[in-house]
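One structure is given here, and the rest of the page talks about it.
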Amino acid sequence: MNTRTVHTVHPSPLGDLLLTGAVSSAGPTLSALYLPGQRGAPAVRPEDRDDGPFTEAHRQLDAYFAGRPTRFDLPLAATGSPFQQAVWQALDEIPYGTTSTYGELAARLGVPRSEIRAVGRALGANPLLLVRPCHRVIGADGSMRGYAGGVERKVWLLTHEGALQPALI
């Protein structure tokens with residue numbers, strides 16, 4: 001099967017999002033979504049940009065940023081260990097507009113409390129920010145903890161979703 005790696009850029013209130021994926025005879029898949037300035041974002045070649053395979057991803061991201069609660073329904077091809085895959089799939093069960101704690105997520109996965117940090121590391125390796133909503137996982141005390149896209153963006157996303165109240169300045 002011939003597979004071609006492609007990327008596109010999606011404008012958003014957080015800046016231009018970089019989406020990467022693959023196109024094969026089976027169709028397009030989304031492998032990663034990066035926020036501006038995110039560590040680990042790949043260098044992409046302009047000649048590999050192809051917006052066509054990402055039409056549905058663009059539509060769903062537009063809906064999300066327009067405030068229409070959405071559950072992303074896209075063909076995904078993120079690579080990770082079986083444990084990381086299990087953690088990332090569990091994120092799909094955290095509804096829009098809500099949060100979960102690291103401990104609650106670990107309990108759902110059957111991970112002992114002594115291994116909660118492994119859940120945090122798997123969240124930190126999530127290549128599909130927004131689509132697999134790791135931003136909805138917070139500390140047991142309500143703190144924001146880390147986020148690959150930056151804690152300020154995590155706060156923005158949770159406020160956008162209605163899980164946090166806007167700060168009065």
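A few notes on this one:
- Long-range neighbours under 8 Å by Cβ, at least six apart or interchain, first residue more than 18 Å from residue 27 (Cβ to Cβ) within segment 54-76, second of a type in the set (Asp, Glu) and outside any helix (DSSP H, G or I): 71/92
- Those strands (runs of 3 or more DSSP E) of segment 1-107 in which 2 or more residues are at pLDDT 95 or above and among the hydroxyl-bearing types (Ser, Thr, Tyr) occupy 27-34.
- Search result, residues across segment 108-117 that are open to solvent by 70 Å² or more (accessible area, probe 1.4 Å) and either closer than 27 Å to residue 165 by Cα or not in a helix (DSSP H, G or I) (or both): 108, 112
- Once segment 96-107 is narrowed to residues that are over 16 Å from residue 124 (Cα atoms) and more than 13 Å from the chain's Cα centre (by Cα), the residue that is surrounded by the most Cβ atoms within 10 Å (Cβ to Cβ) is 99.
- Check on residue 40, among the small types (Gly, Ala, Ser), on the phi > 0 side of the Ramachandran plot and open to solvent by 50 Å² or more (accessible area, probe 1.4 Å): yes
- Scanning segment 133-157 for residues that are in contact (Cβ under 8 Å) with a residue 24 or more places away in the chain, in a loop (DSSP other than H, G, I, E, B) and surrounded by 22 or more Cβ atoms within 10 Å (Cβ to Cβ) yields 133, 149.
- Matching option when the condition is open to solvent by 70 Å² or more (accessible area, probe 1.4 Å) and in contact with a Lys or Arg (Cβ under 8 Å, 6 or more places away or on another chain), among 56, 93: 93
- Scanning segment 1-17 for residues that are within 20 Å of residue 160 (Cα to Cα) and in contact (Cβ under 8 Å) with a residue 12 or more places away in the chain yields a count of 7.
- Those residues of segment 120-132 which are over 22 Å from residue 70 (Cα atoms) and open to solvent by less than 10 Å² (accessible area, probe 1.4 Å), in sequence order: 122
- Number of the condition not met by residue 136 [criteria: (1) among the charged types (D, E, K, R); (2) farther than 27 Å from residue 20 by Cβ; (3) at pLDDT 95 or above]: (2)
- Criterion: closer than 20 Å to residue 71 by Cβ and open to solvent by 20 Å² or more (accessible area, probe 1.4 Å) - qualifying residue of 31, 25: 31
The values are calculated or read from the model by the stated rules, or taken from the named source; none is laboratory data. What you are looking at is a predicted structure, and each value in this text was computed from that prediction instead of being measured. Methodologically, a virtual Cβ is constructed for each residue, glycine included, from the backbone with ideal geometry; neighbour enumeration extends over all protein chains shown. For the accessible areas, the whole protein counts, side chains as well, though only heavy atoms, and no ligand, DNA or RNA atoms are used. Shrake-Rupley method; radii C 1.70, N 1.55, O 1.52, S 1.80 Å.
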